[in-house]
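The values are calculated or read from the model by the stated rules, or taken from the named source; none is laboratory data. Computed from a prediction, not measured in an experiment: that's the story for all the values here. Here the Cβ positions follow ideal geometry from the backbone for every residue, glycine too, while neighbour counts run over all protein chains shown. Note: areas computed on protein heavy atoms with side chains; ligands, DNA, RNA excluded. Shrake-Rupley method; radii C 1.70, N 1.55, O 1.52, S 1.80 Å.
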Amino acid sequence: MRVRLLLWLRHARQRAYQLANYKVWILSALIGVVVGYGVIGFSLAIDWMSALSYGEGRIAMASGIRDLNPARAWIVPVVGGVAVGALLYIAKQLKWLPEVKFQGVAEVIEARAGPPGHVSFRAGMVNTAAAVVALGSGASAGREGPAVLLGGAISTAMSERWGLSGKDARTLLGCGAAAAVAASFNAPIAGMLFALEVILGNYALSVFGPVALSSITAAVIARIHLTDVRAFVIPLYGDSGPWDIPFSAALGIVCGLVAFCFLLLTSSLQLWVRRQVVRFKVEQALLPPIAGMLMGTIALFYPEVLGVGYEATTEAIQGSYTLAMLTILLIVKLGATAVCLSCRFGTGVFSGGIFFGAISGAAFGAVLGIFIPGLSADPTFYAMVGMGAVSGAILGAPISTTLIVFELTGDYQMTVALMIAVGIATLISQTFFGSSWFHWQLGQRGYDLSEGPQGMILQTIRVRDVMRSMPEDSSPLEEGVARLRPDHSLGEALARMRDHDRDGMPVTDIDDRSKVIGYITQVRALAVYNRALIESNIEHHR
């Protein structure tokens, strides 16, 4: 009996360690604290830059722009674009960034998908500084993407400092993302679910606890130091009726089309800009100033569009705009955000999605009020529903965006309407566009997350990770002999060996195709794949 009890206790201890590594739990709480303070500092820095540029913080940027001399209102975004371009260019020359562009949520997802789960700390710092300048000078983009990258960079630094395994490092990436979202929106539940839904892609028990702890800690830090961390002022909007559920379904169709228009416009413009840069050999550092000139021109007529747009979002929620003004702001904001993202003048689409949704919902509510007065809820109700529906469809995160709106309002009935709207909106955007914004970005880098964990393994493991090294004095490889490069993916290697009916292939240097640096066999490649697949399955279900 005593032996059986000791064995049971030993097995229980082993299971407890697998599910609750004490290092991960301690670091998750620490990440919540550090990222919480980091996001607070990031937000205050944007406010400081906005006040320096326009005399008002990001919450009231449009009001500050209206009171300025038109020449200053135009020149500030241009100067901001020049500063951002210079900062990104210098970071590229110092090899802190792979190219002259912002990084964001997609890079964190990529780090989670591929070993060893690394987000450069230097890239995170540069990205944060550039985002402060861009958003503070009027770039039409979001602050949540840079905040998530900052959380990923901090979590990576801690993982490397403590020498954690790949699995634990990926868990901490989720902790950093959850803390960033929680501190940004005062929404700990939504922050946790965003990390599980978008970053980690699983709800395993071993990651749920640390991610939740990090999210809650960051939210508590934000509440301690900020008297009111809510981004929007939400007025009382009265009770909703039974007709508001089917009306919300109709709004979901509208929001899905708005999300699709944004995704199509921005992706097409990014590809077009990329082609022009290659065609005319344009220095990429010149792109942000071009976007800055456009934003400066827009500032003269529609300053509500500049920056994260929280002031205009609040005005839309409160019903301060006419139907015509709502339509104009939606069109201008769509174009401005597409240009800024395409010209490297900012990153992040969360704030843009919230803006589009609030404007679309308020316009939808105004139309209902004109044609069927008294039958539908206040336009504020539909503005809140639209806010979650469009952002959820763009991000591909219907659960976490629904929870953000719920934590902002505490209205259960609105959440029911939002669940319907965000489901329909996501279905429409996915049907017509094919993916969320983050997954489209990853697709441009050769990653297809639709194939599941097994597909990601084939895409992220490289030949250099599997091959056996060859001596430096190996004989040169003759022309015409099938070969692989060390940067080829495992999937490409297996496909080439199958196509050439070979059991193995030499691996040559990237710059010298005749110099053999290694050899990979089909047996070894399949063994590595099978082992990685088993580890991935355990990670997703334990």
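Some observations on this one:
- Taking the criterion of being of a type in the set (Val, Ile, Thr) and modelled with pLDDT of 85 or more, the residues of the range 492-527 that qualify are 507, 508, 516, 517, 520, 521, 523.
- The helices (runs of 4 or more DSSP H) found entirely in the range 164-276 that carry 2 or more residues being in contact with a Pro (Cβ under 7 Å, 6 or more places away or on another chain) and modelled with pLDDT of 90 or more are 166-185, 205-225.
- Hey, residue 141 in contact with a Cys (Cβ under 7 Å, 6 or more places away or on another chain) and touching a residue at least 12 places away in the same chain (Cβ under 8 Å) or not: yes
- Applying the condition of being polar (S, T, N, Q) and open to solvent by 10 Å² or more (accessible area, probe 1.4 Å) to the range 161-190 and asking which residue is farthest from residue 145 (Cα to Cα) yields 165.
- The listed residue being modelled with pLDDT of 90 or more, aliphatic (A, V, I, L, M) and under 18 Å from residue 68 (Cα atoms), out of 326, 286, 306, 330: 306
- Selection of the range 316-337 for residues being farther than 17 Å from residue 258 by Cα and either buried (at least 21 other Cβ atoms within 10 Å of the Cβ) or touching a Leu at 6+ places or on another chain (Cβ under 8 Å) (or both) yields 317, 321.
- Residue in the range 385-416 that is nearest to the chain's Cα centre (by Cα), counting only those that are at pLDDT 85 or above and over 24 Å from residue 216 (Cα atoms): 394
Yes/no matrix, rows are residues, columns are (1) modelled with pLDDT under 90; (2) within 20 Å of residue 310 (Cβ to Cβ):
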{"site": "35", "(1), (2)": "no, no"}
{"site": "43", "(1), (2)": "no, yes"}
{"site": "49", "(1), (2)": "no, yes"}
{"site": "56", "(1), (2)": "yes, yes"}
{"site": "59", "(1), (2)": "yes, yes"}
{"site": "65", "(1), (2)": "yes, yes"}
{"site": "71", "(1), (2)": "no, no"}
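- Set side by side, the residues 306, 286 differ, and just one is in contact (Cβ under 8 Å) with a residue 40 or more places away in the chain and open to solvent by 50 Å² or more (accessible area, probe 1.4 Å), which is 286.
- Some residue of the range 358-372 being among the small types (Gly, Ala, Ser), closer than 18 Å to residue 250 by Cβ and surrounded by fewer than 24 Cβ atoms within 10 Å (Cβ to Cβ): yes
- Unique match (being among the aromatic types (Phe, Trp, Tyr) and within 20 Å of residue 194 (Cβ to Cβ)) among 345, 350: 350
- Any hit, the range 81-102, residues being more than 21 Å from residue 286 (Cα to Cα) and in a helix (DSSP H, G or I): no
- Qualifying residue in the range 5-21 (condition: in a helix (DSSP H, G or I) and either at pLDDT 75 or above or under 30 Å from residue 314 (Cβ atoms) (or both)): no
- Members of the range 477-495 found to be surrounded by 16 or more Cβ atoms within 10 Å (Cβ to Cβ) and not in a loop (DSSP other than H, G, I, E, B), listed by number: 484, 489, 490, 491, 492, 493, 494
- Residue within the range 108-122 that is under 23 Å from residue 282 (Cβ atoms), open to solvent by less than 10 Å² (accessible area, probe 1.4 Å) and not hydroxyl-bearing (Ser, Thr, Tyr) present: no
- Taking the range 293-349 as the range and being outside any helix (DSSP H, G or I), farther than 22 Å from residue 144 by Cβ and of a type in the set (A, V, I, L, M) as the test, only 300 passes.
- Residue match in the range 128-138 (condition: closer than 27 Å to residue 457 by Cα and either modelled with pLDDT of 90 or more or of a type in the set (Phe, Trp, Tyr) (or both)): no
- Flag if residue 106 is under 22 Å from residue 212 (Cβ atoms) and within 17 Å of the chain's Cα centre (by Cα): no
- Among the residues here, residue 282 qualifies as closer than 20 Å to residue 338 by Cβ and outside any helix (DSSP H, G or I).
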